[in-house]
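J.: Following this message is one structure expressed as structure tokens.
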Amino acid sequence: MTTHIESEEQKALRDAVAALGKRHGPDYNREHLWAEAGKLGYLGVNLPEAYGGGGGGITELSIVLEELGAAGSPLLMLVVSPAICGTVIARFGTEAQKQHWLPALADGTKTMAFGITEPDAGSNSHRITTTARRDPASGDWLLTGRKVFISGVDIADATLIVGRTEDARTGTLKPCLFIVPRDAEGFQRRHIEMELQAAEKQFELVLDDVRLPADALVGDEDAGLLQLFAGLNPERIMTAAFAIGMGRHALGKAIEYARDRTVWKTPIGAHQAIAHPLAQAHIELELARLMMQKAAHLYDAGDDIGAGEAANMAKYAAGEACVKAVDQAVHTLGGNGLTREFGLARLITAARVARIAPVSREMILNYVSHQTLGLPKSY
């Protein structure tokens, strides 16, 4: 399922990744698929060629995630490792950070998690309490704080942690990003048991005076907010890709079933009560993909503000479309939709994630109300 607004190279990438996903399928081994996708150059399509990447953009990376998701084998860490962390390091990292991390993120030999959410901050990143202070004697950083719902920390070599440092001039706290190695002293993690069946686990993190060298800081201490948002737009675009892929996977199973399942001499897909809701789900997924493509195009063209609006809208649209597609797919299969054999029931919980993370649909509606429509804030 390709679109004419994609280049020949993008269509070829879509076809190649779809073939890889089909080979691994819904029973995929995450490590094996990650390693193969890395070897084939798919994990780093958005990273600069000078550092071992494909030299493309979030447009290409979103194609990779969408097609793997459509095959039932999505790689959640694509959202985090190359899209957020890779982007931030490529745009703002030091030369040493780029050389150390980007080639390894691109070929999949290293992965990086991303830690922003906190137990008491939620959607309000201005309330982040993880603080970083300098040790005047050594110049080292000392990080203290807590994070929650951080994906894949156990399989990541390091976590890009969003902390805050005190501005010496104003005394206010400003955001900064730090690379924290998995085995850093004082860096503890606790697995959060989820009802969600996913290859990647969720963690609560505790940083207890974690000592980091001066060069653990990514980019400029004064440009923290700009750097942070440079990572959050790709995160929203990639979450949209994740949701669209999942919706397509569910829809594909439902269409196949509706063609084959025959009651009263006619396949159930001939009945409009079955066919029309599936057609609607398809339309809504296609519309969400168009907005995702717009967001990715704006981001890759360097329009961070335009991309911010489109990325939020794309994530909203994809989350809604995914939930509806999964629900309709389960309903099409009836009792079979809840069996382990058909593999749709687990998507009910997974689809819900796209409405909640990385930002809730209500916060997106707030963004559109204030930023796009110019309505006043209630908070």
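The values are calculated or read from the model by the stated rules, or taken from the named source; none is laboratory data. The model shown is predicted, which means the values in this text are computed figures rather than measured ones. No Cβ is skipped: glycine too gets one built from the backbone with ideal geometry, and neighbour counts run over all protein chains shown. To get the accessible areas, we keep the full protein, side chains included, count just its heavy atoms, and leave off ligands, DNA and RNA. Shrake-Rupley method; radii C 1.70, N 1.55, O 1.52, S 1.80 Å.
J.: What's the number of the only condition in (1) modelled with pLDDT of 95 or more; (2) in a loop (DSSP other than H, G, I, E, B) that HIS191 fails to meet?
T.: The single condition HIS191 does not satisfy is (2).
J.: Would you confirm whether any residue within segment 255-271 is part of a helix (DSSP H, G or I), closer than 22 Å to ARG355 by Cβ and open to solvent by 10 Å² or more (accessible area, probe 1.4 Å)?
T.: Checking segment 255-271: not a single residue is part of a helix (DSSP H, G or I), closer than 22 Å to ARG355 by Cβ and open to solvent by 10 Å² or more (accessible area, probe 1.4 Å).
J.: Could you tell me which numbered condition GLY334 fails, if it satisfies all but one of (1) part of a helix (DSSP H, G or I); (2) open to solvent by less than 60 Å² (accessible area, probe 1.4 Å); (3) under 25 Å from PHE229 (Cα atoms)?
T.: (3)
J.: How many residues are within 13 Å of the chain's Cα centre (by Cα), at pLDDT below 95 and among the aromatic types (Phe, Trp, Tyr) if we restrict to segment 204-258?
T.: Within segment 204-258, residues that are within 13 Å of the chain's Cα centre (by Cα), at pLDDT below 95 and among the aromatic types (Phe, Trp, Tyr) number 0.
J.: Would you call ALA354 assigned to a helix (DSSP H, G or I) and modelled with pLDDT under 95?
T.: Spelling it out, ALA354 is indeed assigned to a helix (DSSP H, G or I) and modelled with pLDDT under 95.
J.: Among the listed residues LEU196, LEU173, LEU160, which satisfies the condition of being closer than 24 Å to ILE305 by Cα and at pLDDT below 95?
T.: Only one candidate passes the filter, namely LEU173.
J.: Here's another thing I want to ask about it. Could you tell me which of the residues GLY252, GLY245 is part of a helix (DSSP H, G or I), in contact with a Leu (Cβ under 9 Å, 6 or more places away or on another chain) and crowded, with 16+ Cβ neighbours inside 10 Å?
T.: GLY245
J.: Let me ask you something else. Please go through segment 339-375 and pick out each residue that is open to solvent by 50 Å² or more (accessible area, probe 1.4 Å) and among the charged types (D, E, K, R).
T.: Selection gives ARG340, GLU341, ARG346, ARG352, ARG361, GLU362.
J.: Restricting to helices (runs of 4 or more DSSP H) lying wholly in segment 10-103: which have 1 or more residues that are under 28 Å from LEU344 (Cβ atoms) and open to solvent by less than 30 Å² (accessible area, probe 1.4 Å)? So that I can check it myself, show each step before the final result.
T.: Values: elements: 30-39, 58-70, 87-92.
Because the criterion is at least 1 residues that are under 28 Å from LEU344 (Cβ atoms) and open to solvent by less than 30 Å² (accessible area, probe 1.4 Å), the helices (runs of 4 or more DSSP H) in segment 10-103 that meet it are 30-39, 58-70.
J.: Is there a residue in segment 122-145 that is under 23 Å from ILE356 (Cβ atoms), open to solvent by less than 70 Å² (accessible area, probe 1.4 Å), among the β-branched types (Val, Ile, Thr) and at pLDDT 95 or above?
T.: No, segment 122-145 has no match at all.
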